[in-house]
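Reading through the structure tokens given below for one structure.
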Amino acid sequence: MSMIRNPILPGFNPDPSIIRVGDDYYIATSTFEWFPGVQIHHSRDLRHWQLIGHPLTRTSQLAMLGNPDSGGVWAPCLSYDNGAYYLIYTDVKSHMGPFKDTHNYLVTASDIRGPWSEPIYLNSSGFDPSLYHDEDGTKWLVNLTWDHRKGKNPFGGIIIQQYSEQEQALVGPIRTIFNGTELGLTEGPHIYKHNGYYYLLTAEGGTRFGHAATVARSETLLGTYTADPAGPLITSADNAALALQKAGHASLVRTAADELYIVHLCGRPLASSGCCVLGRETAIQRCEWTPDGWLRLAGPGQGHSPQVEVAAPALPEHRFPAEPAVEHFDGDKVSIHYSTLREPLAEEWATLSERPGYLRMRGRESLYSQHRQSLVARRQQSFTASFETVVEFEPETYQQLAGLIYYYNTKNYYYLWISRDEELGKCIGIMSSNRGVYDEPLAMPVSIEGSERCYLKASIRNEALQFHYSRDGEAWQPIGPVLDSSIVSDENAELVKDGIALDQGFTGAFLGVCVQDLSGRQKHADFDYFKYTEE
């Protein structure tokens, strides 16, 4: 029997939504403040997956300048009906405190690879919207409604409202169909139909170590829905020994042979710190219907615990070519695996044409900015990895910096930079930010005066991060101490005082390059390549 090994989408790929169209399977995942918005992966065997695109590529679809850390795109929902792909997504403008400003939109496409339409605004009543296509041709939006009032459950229930394609708007009454179970924090709704019942699959327990996915059902679409008396479909909350923690936020798919699978969110904490430095990932589990019509994880004695190895469906193996380790900047586009913060990569600040074979980036705002950062990065997808580049940069002042970044958000990162010091001249240093507290782990910058090119590398082994530099790309020297990479994690981003959440994070570790010019003169740096390798 062939097996699928989890996670199927390693690294920051949370909140999966899966569909099958013919023999093809597609998963959409959240991207939060990273641009372009929403990752789409493709498979034909549920074992091997390839990133094929991002539906939200224009600021007219996703305008995120000023969005907070871990704002932006939450929990997209992908669906297909009558020759068209539908994508529902939330653009989160604020998420701390009693209020959440969450605007929900719909885009469509005739091809999964796009182009995708301009967005249709739906509502702002909550987040995690999902579109259900009923058998009679009607379409329905379900989402969590958010209740800011004191003494109320902020997760105010799952609501449903009809969507009119003709009017391109929600129409008719809004109904609450499910208030959740005792696990609470009920969100992430998806509706399915089986054997005369409508099934509501929701996420509960919060997207951390108490996470779960629960199932409720109703004989009518508009409910009310009754929860499975056996408890959650999947959770890791009662077994800290499981390799896959945070299991929840699931989405269901059927193969052509009617085999059932869910994809679900998970996290893999490192033993020493308990931190999931790769962020929230996507895994898959096999499911089955019970004789009395409830959904269960398949396998004897499995209960509701996620497994690392899962029986694969009876489908031909379909592998994809290996992704190249090096991005040489020889084309007219940067690799699909690289992202930017809050806005598209644009010619005015990141160009491949001014110096062919190089990515020329102009310095803009600081790493604390939630507006215009010149930063290009990719996900870390293995606990042991390295990332390398070479940069040509001639700073004129300490306010001009360029280099290699290990990044979580504006408050949590490590940065190996090149700049200029009044005494040392051109030099290399390290800066860090841990929950917003700035530091410089290197006692004194290292002079590289006279070097036109400087090679920079980061090596990561679980929680250990070591920076290196070289003048020729061969004689590498470590620089600075071994750093604690676990600060680049959801767990470290979360800050609670006296029971009140002051900060939170939902993304993952990124490795990349960036340039700042705090003088406003937009000094540029030229990067010859990016090299990302896993061990």
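Any read-out appearing in this document is the output of simple, stated calculations on the displayed coordinates, not a laboratory observation. Worth saying up front: this structure is predicted, and the values here are computed from it rather than measured. Don't worry about glycine lacking a Cβ; one is built from the backbone with ideal geometry, like all the others, and counts go over all protein chains shown.
Cα centroid distance between region 9-65 and region 312-374, in Å? Between the Cα centres of region 9-65 and region 312-374 lies a distance of 16 Å.
By the count of neighbouring beta-carbon atoms within 10 Å, fewest first, MET431, MET1, MET444, MET96 end up ordered MET1, MET444, MET96, MET431.
Here the Debye sum runs over all C-alpha atoms of region 119-273 as equal scatterers in vacuum, and log10 of I(q)/I(0) at q = 0.12, 0.16, 0.21 Å⁻¹ comes out as -0.55, -0.93, -1.38. Measuring r between the beta carbons of MET3 and ARG435 and using R0 = 45 Å, the FRET efficiency lands at 0.65.
Shape analysis of the chain based on the Cα gyration tensor places the equivalent ellipsoid semi-axes at 41, 23, 23 Å, largest first. Cα-based values for region 3-311, radius of gyration first and Dmax second, are 18.0, 55 Å.
Can you list the residues of region 203-243 with backbone N under 19 Å from a point 7 Å past the Cα of LEU502, pointing along Cα to Cβ? Counting only backbone N, you get no residues. Can you tell me, using C-alpha contacts under 8 Å and at least 6 residues apart, the relative contact order of the chain as a whole percent? 14 percent.
Computed over every Cα-Cα pair of region 272-420 and binned at 10 Å starting from 0, the pair-distance distribution P(r) comes out as 8, 27, 27, 17, 13, 7, 1, 0 percent. With contacts taken as Cα pairs under 8 Å at a separation of at least 6 residues, region 433-477 carries a relative contact order of 26 percent.
Here the sum of -39500 (n - 2.57) over DSSP H runs of 4 or more residues, divided by the residues of the chain, equals 0 deg cm²/dmol at 222 nm, to the nearest 500. For region 213-252, the spread of Cα positions along the three principal axes, ordered from largest to smallest, is 39, 20, 10 Å. Loop-located trypsin sites (Lys or Arg not before Pro) in region 223-280 (DSSP state not H, G, I, E or B) with no more than 11 neighbouring Cβ atoms inside 10 Å do not occur. Cβ crowding within 10 Å, taken as a proxy for footprinting-reagent exposure, orders GLU394, GLU388 from fewest neighbours to most as GLU394, GLU388.
Region 189-263 and region 432-469 have their alpha-carbon centroids 44 Å apart. Each of TYR25, TYR105, TYR408, TYR438 has some number of other Cβ atoms within 10 Å of its Cβ, and from fewest to most they run TYR438, TYR105, TYR25, TYR408. Projection of the Cα convex hull of region 326-534, averaged over all directions and equal to a quarter of that hull's surface, yields 11.7 nm². Of all lysines in the structure, those lying under 25 Å Cα to Cα from LYS523, and not within fewer than 8 positions of it along the same chain, are LYS333, LYS411, LYS426, LYS457, LYS531. Stretching HIS337 away from THR176 to a fully extended chain increases their span by 54.0 nm, per 0.36 nm per residue minus the current alpha-carbon distance. For the peptides 503-509, 2-8, the ranking by mean Cβ contacts within 10 Å, running from highest to lowest, is 503-509, 2-8.
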